[in-house]
1. Taking 25 Å as R0, compute the FRET efficiency from the Cβ-Cβ separation of Ser51 and Val13 and round it to 0.05.
2. Place a +1 charge on the Cβ of each Lys and Arg in the chain and a -1 charge on the Cβ of each Asp and Glu, then give the dipole magnitude about the Cα centre in debye, rounded to the nearest 20.
3. Could you tally the net charge around Arg26, taking each other residue with its Cβ under 13 Å from the Cβ of Arg26, Lys/Arg +1 and Asp/Glu -1?
4. Which value, in Å³ per residue, describes the convex hull spanned by the Cα atoms of segment 1-64?
5. For the chain, what is the convex hull volume of the alpha-carbon atoms per residue, in Å³?
6. Given a 1.4 angstrom probe, I'd like the percentage of the accessible area of the chain that is carbon and sulfur, rounded to a whole number.
7. With springs connecting C-alpha atoms under 10 Å apart, model the chain as a Gaussian network and identify which of Gly61, Gly12, Gly27 has the largest mean-square fluctuation.
8. Rolling a 1.4 angstrom probe over the protein heavy atoms, how many square angstrom per residue are accessible across segment 35-138?
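The values are calculated or read from the model by the stated rules, or taken from the named source; none is laboratory data. Just so it is clear, the structure is predicted and the values come from calculations on it, not from any experiment. Because the Cβ atoms are built from the backbone with ideal geometry, glycine has one as well, and the counts that use them run over all protein chains shown. Only protein heavy atoms, including side chains, enter the accessible area calculation; ligands, DNA and RNA are left aside. Shrake-Rupley method; radii C 1.70, N 1.55, O 1.52, S 1.80 Å.
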Amino acid sequence: MSQPEREEFLAGVHVAVLSAAAGDDRGPLIVPVWYSYQPGGLVSVSTDRDSRKARAVTAAGRLSLCAQDERPPYKYVTVEGPAVIEEISLDERRELARRYLGTEDGDAFIASTPGDNDIVIRMTPEHWLSADFGQDQA
């Protein structure tokens, strides 16, 4: 994929897989996540501040994220880079829930989950890997 194609794909709605080093005696932590991304911007993932994700990313200082289309012809984008943890606003939580669930269900989700302990992980994309198996792979 070209840079614009991979950024457009990553900006689409996909349940992605986040990966972060989990410690010297363990393999990486690999978990599905909701995320947001706008071309040229940061990748943002919301989670609980006490989650394994937050602890692993804090310790490693970086993460990888893979978004894919499971329908043939398959496509995927993997991006990796340094990450920081920040406070998340109610508006950003709502926007992320609406992205995945729609307005009504997203608002209901936010109303049912207080999010008092939520944070946002922001990753700066440094390294990209992508493929669109519907394109000529020459």
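1. The calculated FRET efficiency here is 0.70.
2. Its charge dipole is roughly 280 debye.
3. Residues close to Arg26 contribute a combined charge of 0.
4. 96 Å³
5. 120 Å³
6. Numbers: 3960 of 7880 Å².
C and S fraction of accessible area: 50 percent.
7. Looking only at Gly61, Gly12, Gly27, the largest GNM fluctuation is found for Gly27.
8. Dividing the accessible area of segment 35-138 by its residue count gives 57 Å².
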